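Reading through the structure tokens given below for one structure.
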Amino acid sequence: MKTIKLITCNDSFQARIIKGALENEGIAVALHNENTSNVLRGMPASITGVDILVYEDDYEKAMSILEDNQMIEERLIYCPYCGSKNIKFGLRKNHKLRAILSTLMAMLAAAPPGTDHWEYTCKECGKKFDKPVGKNIKPA
């Protein structure tokens, strides 16, 4: 079976807690980069983070366990109108020039460019929205 990365933790303590929670539910877990995180304390998490690996077949079950136990933030992946997972992220219509200018100004000022130039579009119902929702709630 193929293993894939579930999440990356900031330190080995957090990774071991998550590993124990998943193993209690019968999911095999491997930790990667655990020793580096202990040796290089104070370095950015992108370098020293501990990767939690699970089998590809167990990925969705593991993510739902972590979400249900509030060990990770809820994934915002559903359309708020129809509940579909088939959504895309892109620039708002007629905002491309404004987004480019905003990015250039932000680079010169060393500031974030802002997020009002982007939107999500549902490929199922065609509606546009600013933020997806976390739970697949079917409309009544």
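The values are calculated or read from the model by the stated rules, or taken from the named source; none is laboratory data. All values reported here derive from a predicted model rather than from experimental measurement. Note: ideal-geometry Cβ built from the backbone for every residue, glycine included; neighbour counts use all protein chains shown. For the accessible areas, the whole protein counts, side chains as well, though only heavy atoms, and no ligand, DNA or RNA atoms are used. Shrake-Rupley method; radii C 1.70, N 1.55, O 1.52, S 1.80 Å.
Points worth noting:
- Residue list for region 77-97, restricted to those being over 13 Å from GLU119 (Cβ atoms) and not hydrophobic (A, V, I, L, M, F, W, C): TYR78, TYR81, GLY83, SER84, LYS85, ASN86
- Filtered residues of region 41-66 (kept if surrounded by 13 or more Cβ atoms within 10 Å (Cβ to Cβ), modelled with pLDDT of 80 or more and farther than 26 Å from ASP130 by Cα): GLY49, VAL50, ASP51, ILE52, LEU53, VAL54, TYR55, ASP58, TYR59, LYS61, ALA62, ILE65
- Selection of region 72-85 for residues being touching a Cys at 6+ places or on another chain (Cβ under 7 Å) and either closer than 30 Å to HIS32 by Cα or open to solvent by less than 60 Å² (accessible area, probe 1.4 Å) (or both) yields CYS79, CYS82, SER84.
- In region 104-132, residue nearest to the chain's Cα centre (by Cα) [restricted to those that are at pLDDT below 85 and open to solvent by less than 50 Å² (accessible area, probe 1.4 Å)]: PRO132
- Qualifying position, being touching a residue at least 24 places away in the same chain (Cβ under 8 Å) and open to solvent by 60 Å² or more (accessible area, probe 1.4 Å), among ASN94, ASN69: ASN69
- Residue satisfying all of: in region 5-28; farther than 14 Å from ASP58 by Cα and of a type outside the set (A, V, I, L, M, F, W, C); surrounded by the most Cβ atoms within 10 Å (Cβ to Cβ) among these: SER12
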